[in-house]
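Undergrad: Below are the structure tokens for one structure; questions will follow.
Please treat every number below as a calculation from the coordinates, not as lab data. What you are looking at is a predicted structure, and each value in this text was computed from that prediction instead of being measured. Cβ atoms come from the backbone with ideal geometry, glycine included; neighbour counts cover every protein chain shown.
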Amino acid sequence: MVYVCAVTLVAPVVAQHKDTVRNVIQQIWMSAFVTMSRKEKMMSRIVEKEGYKKPIVNCVIMDLDGCIADDRRRRIHIPDWPKYYADILNDSVFPEQLFLWHRIQREVPIFIFTGRPEYLHNDTKEWLRIHGLEYAKMFMRPDKSKDATWKLKSEWLSFIQSNGVSPSLVYEDDPSCCSMFAGAGLVVHQVLRSAQ
Ligand SMILES: [Mg+2]
């Protein structure tokens with residue numbers, strides 16, 4: 001009722017002064033546009049001043065165990081690796097890392113570098129699917145390999161770099177892997193948690 005009365009009263013006024021109303025609307029629109037342009041100019045000045053290059057991050061490397069997969073109940077089996085990996089499908093997920101992964105996967109490709117042996121590929125793939133974790137490619141330890149995990153990850157890094165992929169950011173919990181990635185010039189976010 002109030003709405004009908006308001007329209008009945010305002011409509012003739014608007015019709016009588018339609019040119020003025022149109023000018024006012026145009027001025028409001030233009031001022032909003034100019035404000036947006038100023039914001040964009042300000043942002044580009046910041047980018048120029050700080051020396052950022054777009055895109056800042058092209059892709060991200062993620063570790064699994066201890067980083068996003070909660071392996072704490074399995075760690076008692078180390079160094080009995082078959083036992084350590086026996087129950088990976090029932091790992092819970094660290095929610096903070098899940099939060100990050102879901103946001104990162106919307107923006108850039110994720111490469112998984114994991115020390116898990118390749119015979120666990122299907123179980124790992126299923127666990128990732130259950131938690132909605134998307135990725136571009138997953139690198140896993142060859143089943144017979146006894147190499148240190150940092151050495152394998154160094155080789156995978158060289159491999160993707162030689163194929164035109166330029167990762168700049170890593171999420172990793174293993175100190176030796178963190179050192180290797182940092183030494184290779186990548187920014188490492190080391191994931192540290194209490195043992196509980
Ligand atoms: Mg790990």
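Undergrad: Based on the alpha-carbon gyration tensor of the stretch 60-190, what equivalent-ellipsoid semi-axes (square roots of 5 times the eigenvalues) come out, in whole Å, largest first?
TA: 21, 18, 14
Undergrad: Can you give the FRET efficiency to the nearest 0.05 for ALA195 and HIS131, using r as the Cβ-Cβ distance and R₀ = 22 Å?
TA: 0.45
Undergrad: Further question on the same structure: How much length is gained on full extension from ASP80 to GLU155, taking 0.36 nm per residue of separation minus their Cα-Cα distance?
TA: 24.5 nm
Undergrad: Taking the Cβ of TYR171 as the center, what net charge do the other residues with Cβ under 13 Å away carry, scoring Lys and Arg +1 and Asp and Glu -1?
TA: -3
Undergrad: Could you give the length gained by full extension between LYS146 and ASN122, i.e. 0.36 nm per residue of separation minus their alpha carbon distance, to one decimal place?
TA: Full-extension gain reported as 6.5 nm.
Undergrad: Let me ask another. Provide ILE61, ILE78, ILE104 in ascending order of the number of other Cβ atoms located within 10 Å of each residue's Cβ, fewest first.
TA: ILE78, ILE104, ILE61
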